[in-house]
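Here's the structure we're looking at; comments come further down.
The values are calculated or read from the model by the stated rules, or taken from the named source; none is laboratory data. Just so it is clear, the structure is predicted and the values come from calculations on it, not from any experiment. Positions of Cβ are generated from backbone atoms using ideal geometry, with glycine treated the same way; all protein chains shown enter the neighbour counts.
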Amino acid sequence: MCESKALIVKNGREELLMEDVTYLETTPQELILVNIKGEKLVLKNHRIARIDFLKHRIYLEPIA
């Protein structure tokens with residue numbers, strides 16, 4: 001399986017936002033994540049900090 005975990009990084013700490021992410025869309029205003037169950041998470045004022053393809057992790061952070 002190729003699903004990923006979405007984590008938010010705040011003050012050097014990682015917090016799990018969503019597991020089994022299969023879809024990620026970026027727009028100028030928001031990030032849209034959808035997991036394998038079809039559950040959707042919309043984040044405003046966040047950006048992709050990095051993606052670790054080997055560990056299947058997407059690191060997000062708030063835009064200050």
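Annotation note: Cβ proximity below 8 Å between a residue of region 33-60 that is within 11 Å of residue 21 (Cβ to Cβ) and a residue that is assigned to a loop (DSSP other than H, G, I, E, B) (sequence gap 6+ or interchain) occurs for 35/3; 36/3; 56/2; 56/3.
Going by the conditions given, is residue 54 of a type outside the set (S, T, N, Q) and exposed (fewer than 10 other Cβ atoms within 10 Å of the Cβ)?
The answer is yes for residue 54.
Within region 34-64, the set of residues being in a loop (DSSP other than H, G, I, E, B) and of a type in the set (A, V, I, L, M) comprises 36, 54, 63, 64.
Residue-by-condition table, conditions (1) at pLDDT 95 or above; (2) over 18 Å from residue 2 (Cα atoms); (3) exposed (fewer than 14 other Cβ atoms within 10 Å of the Cβ):
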{"position": "21", "(1), (2), (3)": "yes, no, no"}
{"position": "28", "(1), (2), (3)": "no, yes, yes"}
{"position": "36", "(1), (2), (3)": "yes, no, yes"}
{"position": "48", "(1), (2), (3)": "yes, yes, yes"}
{"position": "58", "(1), (2), (3)": "yes, no, no"}
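Just to be sure, is residue 16 surrounded by 14 or more Cβ atoms within 10 Å (Cβ to Cβ), among the hydrophobic types (A, V, I, L, M, F, W, C) and outside any loop (DSSP other than H, G, I, E, B)? When the stated conditions are applied, residue 16 does not pass them.
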